[in-house]
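Worksheet: the structure to be examined is printed underneath.
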Amino acid sequence: MTMKIDHLAIWADNIELLRAFYMKYFGMMSNELYINEKKQFRSYFLSFGDSGARIELMTAPAKSKPSSRGQMKGLAHFCLSVGTKEQVMAMAEQFRHDGYAILSEPRTTGDGCFEAAIADPEGNYVEIAASEE
């Protein structure tokens with residue numbers, strides 16, 4: 001049996017904004033909006049197609065979510081492989097041009113990865129990395 005991460009989930013204030021962001025910049029595809037009226041819960045699953053990895057964007061009334069990111073433990077960041085070093089640098093410049101915060105400039109890290117980090121529209125720390133060795 002091969003194990004893998006199926007998806008990660010992000011609580012969001014505006015799932016439509018995040019959905020548009022990940023579709024535009026990372027070419028992700030989205031399913032139809034899921035709605036659970038009883039819980040007032042809404043979500044989308046975004047995917048890269050044949051890779052199998054997905055991101056779930058979720059929203060619900062404030063009382064059912066953590067009150068702030070600073071009060072919860074858990075996911076610190078996630079990384080999306082975008083291709084070459086040149087693609088990492090080009091994407092970082094595109095994010096900068098479009099007004100997104102560059103949290104870490106493109107560089108080779110101590111463990112040998114070439115990456116940059118940006119804040120998505122809701123402040124999530126997203127690394128973009130080269131997939132080449």
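Observations, loosely collected:
- Pairs of Lys residues in the chain, spaced 8 or more positions apart or belonging to different chains, with C-alpha separations under 17 angstrom: 5 in total.
- Taking the chain as a Gaussian network of alpha-carbon nodes connected by springs under 10 Å, the highest mean-square fluctuation of the residues 32, 105, 122 belongs to 32.
- Residue 107 versus residue 93: modelled label distance in nm, points set 7 Å from Cα along the beta carbon direction: 2.0
- Relative to the current alpha-carbon distance between residue 39 and residue 78, full extension at 0.36 nm per residue lengthens the span by 11.3 nm.
- Percentage, to the nearest whole number, of Cα pairs in the chain over 22 Å apart: 42
- Using C-alpha pairs below 8 Å separated by at least 6 residues, the relative contact order for the range 1-128 is 21 percent.
- The 1.4 Å probe gives accessible areas that order 100, 25, 125, largest first, as 125, 100, 25.
- Build a GNM of the chain with springs between Cα atoms under 10 Å apart, and of 116, 76, 60 the one that fluctuates most is 76.
The values are calculated or read from the model by the stated rules, or taken from the named source; none is laboratory data. The structure presented is a predicted model; accordingly, all values stated were derived computationally and were not measured. Counting neighbours? That spans all protein chains shown, and the Cβs are built from the backbone with ideal geometry, glycine included. For the accessible areas, the whole protein counts, side chains as well, though only heavy atoms, and no ligand, DNA or RNA atoms are used. Shrake-Rupley method; radii C 1.70, N 1.55, O 1.52, S 1.80 Å.
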